[in-house]
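Read the figures in this text as sums done on the coordinates, not as results from a lab. Predicted model, so just to flag it, every value in this text is computed and none were measured. Note that each Cβ is placed from the backbone with ideal geometry, even for glycine, and that neighbours are counted across all protein chains shown.
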Amino acid sequence: MNRLFFIASLLFINNSNAVVDDIILADSFPEKLSEYEFFLDTKAQIPNDKVIPYELISSLFSDYSLKQRWVYVPSGLKAQYVRDEVFNFPVGSALIKTFYYPVDERDLSLGKKLLETRVLLRKSSGWQAVSYAWNSDQSDAFKKVAGKTIPVDWIDSEGQLRAVRYRVPNVNQCKECHAANDKITPIGPKARNINKELNYSHGQYNQLAYWMDSEIISEIPRRLESPVDWSDYSQNINARARSYLDINCGHCHSSSGNANSTGLFLHLREARNVNLGIYKKPVATGRGSGGLKYSIVPGKPDQSILLHRMESMDPGVMMPESGRSLSHDEAAEMIRDWIAQMANGKSF
């Protein structure tokens, strides 16, 4: 490479990252996603060299939408490993997530419909969240403090036309899920959730190893108890069910989450049967219980409040209570099978 061109490239990268840092730490949010300069090409979602793509082993259900995720950590700083929690990201970090539907799930080359990009920014005062809705020509996304509803359709893997009124959350709705100890916090990027291989532009690597090599995280334990991909039918059904409940419910249903007063804890490491819901009576559930007595009745899914609320589409009953307007049929079927296979009042 020509030396002058190489130096110019480094100057461009450093200047670009300086712009990103300034915007993240600013008192207000930019009006447009492109203003952050996370992407070399905003429309094509091509990130700059310091914005690293990542995937979760199991992902939160959001009306069958697909997601692309990226992480940004300022140069010279590292996120610290925290057992069972998201990394402790340094001030100036950002987590970026774009929600989209393929035009046709059977042929991804036909393109996708970008709906929303959510941004979590680690400021000196803590994490702050903001959502950006994509415009009709898919050239940029614009800040939506009050939220937005977007009608969208797509063809699923079975060739069926599906439609949904996708909801971009308002600022207060972000807190319904992204809260721990009454503070906004990320959900997905725990070390255990990203302990998987990912295809990068220059090869396939374990994500944790790649983050280490990229010098954005500090040391991590050699062994991690990680979830499984809940949709991988070759895995044990207990591991699949617990992994699904962990990423979809465990952030609220934990001792530090919004649902801590329920005593129903669905995070990956919970080992107490009653806190997992087995023969556990509901706390202030109201009509959400459907007249049923226990969260989980081993061997009897139709008598289990957990499954009843997963399958319901009644806004006053369904769980999660926000973030979906469709039933996750495949996951509900798995939870049904999981409960049906329990025996003698115990989990697996």
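Some points to look at:
- Members of Lys190/Lys281; Lys183/Lys280; Lys78/Lys183; Lys67/Lys300 lying beyond 24 Å, as alpha-carbon distances in this model show: Lys190/Lys281; Lys183/Lys280; Lys67/Lys300
- Kyte-Doolittle mean at least 0.0 and Cα axial length at least 20 Å: DSSP H helices in the chain: 3-25
- A Cβ-based charge dipole, computed about the Cα centre of region 237-341 with Lys and Arg at +1 and Asp and Glu at -1, lands at about 420 debye.
- Of all DSSP-defined beta bridges confined to the chain, some 95% are antiparallel rather than parallel.
- Potential lengthening between Asn273 and Asn88 on full extension [0.36 nm per residue; Cα-Cα distance subtracted]: 63.6 nm
- Virtual spin-label span in nm between Leu161 and Glu35, 7 Å along Cα→Cβ: 3.9
- By the count of neighbouring beta-carbon atoms within 10 Å, fewest first, Phe87, Phe61 end up ordered Phe61, Phe87.
- The Cα atoms of region 3-213 give a gyration tensor whose axes a ≥ b ≥ c have a/c under 1.5, which makes the shape rounded.
- The share of C-alpha pairs in region 248-291 whose separation exceeds 17 Å stands at 28 percent.
- Alpha-carbon centroid distance for the pair region 243-278 / region 204-225, whole angstrom: 27
- Each of Val274, Val283, Val164 was scored by other Cβ atoms within 10 Å of its Cβ. Arranged with the fewest first, they read Val283, Val274, Val164.
- Reachable aspartates and glutamates from Lys143, criterion Cα separation under 16 angstrom, eight or more residues apart if same chain: Asp27, Glu31, Glu35, Glu37, Glu116
- Stokes-Einstein D for region 176-334, Kirkwood Rh over Cα pairs, 10 °C, 1.306 mPa s (µm²/s): 92
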